[in-house]
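Read-outs: derived from the displayed coordinates by stated rules, not from any lab. Small disclaimer: the values here were computed from a predicted structure and weren't measured. Positions of Cβ are generated from backbone atoms using ideal geometry, with glycine treated the same way; all protein chains shown enter the neighbour counts.
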Amino acid sequence: MNLLEMNSICKSYRNIGIETKVLQNVTLHIKEGDYVSIIGPSGAGKSTLMAIMGCLAQPTSGEYILDGEEVGKLNDRKLSRVRNEKIGFVFQAFHLLPGVTALENVMLPIVYAKNSQGNAKERARALLAKVGLEHRLHHTPGQLSGGEQQRVTIARSLINDPRIILADEPTGNLDSKNGIQTMQTFDNLVKEGKTIILITHDPAVAQHAGRIISILDGQIASDRNLSYEEQTRPL
Amino acid sequence: MRIFKNLGQALRGLRLNRGNTMLMTLGVMIGIASLTVIVAIGDGIKIKVLDRITSLGFGPESFSVMAGAGRLFFARSQNTTSMTLEDAEDLLALPTVRLVVPRQRKSIQLINKKEFTSTRVYGVTPDWQLARGWEMKDGEFLSETDLDRSKRVIVLGATPAKKLFKDKDPVGKMVRVQNNFYEVIGLLEEKGLTESGYDPDDRALIPLTTSMTRLTHQTYLHSIKVVALKASQVPETMEAVRQILRQNHNLSVLAEDDFRFITPEGIMQRVTESEQALNRMLILVSTVSLLVGGIVIMNILLVSIRERVREIGIRRCFGARRSDITIQFLFESILVSLLGGIMGVALGLGVSFGLERLNIIPTHITMEPFILSFVFCSLIGLIFGIHPARKAAFLSPEESIRSQ
């Protein structure tokens with residue numbers, strides 16, 4: 001059973017009457033527990049693919065099934081629910097709410113959750129402890145280092161226990177030490193059974209995953225599973 | 001509840017964008033403050049006018065019926081003979097009527113030895129004093145005995161008393177009217193000139209019976225003053241009075257009234273016409289200032305949304321619906337309006353109080369501006385918040401998350 005299934009997805013933008021095709025006939029299937037990297041040069045359509053995967057944009061044509069639900073044609077209300085319950089985002093630029101404490105940032109998805117189960121604050125606290133920030137609960141993003149901010153975003157992406165974690169260039173704004181630490185966090189999450197999709201242009205980052213899909217000019221150029229030796233193993 | 005969560009997010013949004021919040025609050029505050037001041041001034045002026053009219057002899061619950069039709073205000077028709085003491089008695093029987101004062105009036109000379117003055121002499125009943133609420137400075141007012149026995153006694157207003165007796169105490173002295181001598185039994189408290197130049201102290205009062213037999217030689221009345229139990233009962237009382245008088249005077253359905261009413265409202269209408277025009281202008285000005293406040297909110301919210309595109313994108317990524325974003329921004333604008341409203345009312349009350357204290361302009365502080373501003377502010381927040389809130393909600397989450 002595929003967790004994520006994209007069949008001949010096309011996406012085009014119309015700008016001043018000129019149609020730009022960003023994605024053409026993208027077909028890919030991802031199973032639960034997969035660790036997938038999507039690589040490609042800038043402008044290849046990675047971000048658009050991620051926007052569609054993350055239900056932030058709708059495909060122009062094609063079929064997108066997430067967790068058994070056809071989400072390609074849902075309305076805003078249902079799409080928002082899918083984003084809230086099934087997807088956890090990690091961004092290159094962190095995208096934390098400024099001026100709001102780490103704890104409250106982690107709890108943001110709960111604000112929009114249909115029914116918040118259990119003690120949200122306790123869960124947020126536990127997740128921050130899990131990423132090693134138990135001493136930074138009441139710091140605002142401005143008071144945190146880049147690496148710490150990225151770990152807050154990871155904690156935030158996990159709060160509603162999503163089916164997929166979508167990470168868009170998660171190491172792009174980090175130095176190598178923090179980058180490695182972030183990647184280790186992802187590697188550990190995979191070991192716990194999470195499905196992670198990494199979008200990156202850095203081959204070294206991509207090699208953490210067990211499968212690399214490369215995108216070129218809006219189409220899948222290659223899709224291969226890495227052998228055990230090729231993969232960057234968690235330390 | 002989702003809506004409370006949105007409210008919480010709105011409060012947070014306001015806190016995090018303090019500068020914008022302050023500017024928006026200021027915009028509404030000034031609008032509401034001016035509205036509050038204007039309402040206070042309007043009420044203050046109205047009360048002052050009412051006071052003035054009360055000093056003319058009209059409380060809010062009293063009115064006069066003059067004999068004779070026509071439009072002349074205080075002038076009396078010389079030859080309408082239909083209004084009688086029986087009318088007055090019938091009117092007193094009405095359930096909403098507290099007091100009835102039948103009156104005759106004649107302008108005539110009062111003489112004390114070599115001093116003389118012309119004044120308005122009224123024939124009234126002892127209830128006149130109650131109806132007018134006019135205190136005595138010295139002596140007594142007319143009594144029932146004076147009335148029953150048609151005694152030749154007189155109560156003087158301050159103006160004729162001064163002219164006839166200079167600084168001496170007039171009580172107990174005699175005054176001649178035509179060929180009759182009257183004993184001065186009382187002196188009315190001085191009221192002073194009204195602002196329109198009318199002198200309420202230029203009068204003298206004698207018993208109605210004395211007036212009928214010795215002064216006017218008429219048995220009909222010139223006017224009747226009616227005091228209702230409550231001010232709110234004046235309209236129904238007037239209607240009842242009209243019915244009784246028409247019936248008593250045998251007027252056919254087609255005939256016009258042979259009497260006319262003078263009400264405090266009637267006078268006030270004349271006095272306040274210019275003030276109403278002023279009020280209307282002030283209301284216009286304050287509406288404009290409220291509108292400006294609303295537009296300030298709208299513009300600042302629009303700018304604020306540009307600054308907060310990323311925040312909106314982040315919220316959308318983590319499950320905020322369009323409606324959540326709309327509601328959050330609407331809450332922000334309503335909260336700002338209400339905050340501005342409260343501060344505006346406070347400022348306005350302060351200014352009104354100051355104006356009154358410094359004798360610049362009369363003001364009267366009521367609950368109205370509180371309620372008005374609460375309603376207005378909610379409306380302003382709602383109306384001027386809708387556009388920015390919708391705009392924020394319809395940003396594409398994909399694009400907003402990427403904007404820097």
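The table for this structure:
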| item | result |
| --- | --- |
| For A:109-115, mean number of other protein chain Cβ atoms within 10 Å | 5 |
| Computed helical MRE - 222 nm, the protein assembly as shown, DSSP H runs ≥ 4 contributing -39500 (n - 2.57), nearest 500 | -14500 deg cm²/dmol |
| Quarter of the Cα convex hull surface for segment A:2-225, i.e. its orientation-mean projected area (nm²) | 12.4 nm² |
| Radius ratio Rg over Rh of the protein assembly as shown, counting only Cα atoms, Kirkwood formula for Rh | 1.36 |
| Cβ crowding within 10 Å averaged over residues, with B:20-31, B:110-121, B:372-383 ranked highest first | B:20-31, B:372-383, B:110-121 |
| Spatially proximal lysines relative to A:K78 (Cα-Cα < 16 Å; intrachain offsets below 8 disregarded) | A:K86, A:K114 |
| Segment B:202-235 residues near the modelled B:N248 label - backbone nitrogen below 14 Å, point 7 Å along Cα→Cβ | B:219-227 |
| Exposure proxy order (Cβ contacts within 10 Å, fewest to most) of B:F4, B:F370 | B:F4, B:F370 |
| Members of B:K166/B:K191; A:K73/A:K194; B:K137/B:K173; B:K137/B:K163 lying beyond 20 Å, as alpha-carbon distances in this model show | A:K73/A:K194 |
| Amide H within-cut-off set for A:A57, under 5 Å, with H built and near neighbours excluded | A:I52 |
| Cα centroid of segment A:25-100 to Cα centroid of segment A:156-208, whole Å | 15 Å |
| Contact order relative to length of chain B, as percent, for alpha carbon pairs under 8 angstrom and 6 or more apart | 29 percent |
| Farthest toward positive dipole pole in chain B [+1 Lys/Arg, -1 Asp/Glu at C-beta], among B:G319, B:S82, B:A161 | B:G319 |
| Segment B:62-262: mean projected area of Cα convex hull, nm² | 11.7 nm² |
| Computed FRET value (nearest 0.05) for A:S176 with A:N2, which takes r as the C-beta separation and R₀ as 35 Å | 0.50 |
| Percent RCO, i.e. relative contact order, over chain A, from Cα pairs under 8 Å lying at least 6 residues apart | 27 percent |
| Net lengthening on full extension, B:L229/B:K114 (0.36 nm per residue, minus Cα-Cα) | 36.8 nm |
| Cα-based equivalent ellipsoid of chain B: semi-axis lengths in Å, sorted from largest, via gyration tensor | 68, 23, 15 |
| Whole-Å distance, taken between Cα centres, linking segment B:334-355 and segment B:80-103 | 50 Å |
| Near-label residues of segment B:306-346 by backbone N, under 15 Å of a point 7 Å along Cα→Cβ of A:K114 | B:319-321 |
| Sequence-distant residues sharing a close amide H with A:L3 (under 5 Å, placed H) | A:I30, A:K31, A:E32 |
| Helix runs (DSSP H) in chain B reaching 24 Å along axis by Cα, Kyte-Doolittle at least 1.0 | B:18-55, B:322-357, B:368-393 |
| Neighbouring partner chain Cβ atoms per residue of B:318-331, average, 10 Å criterion | 5 |
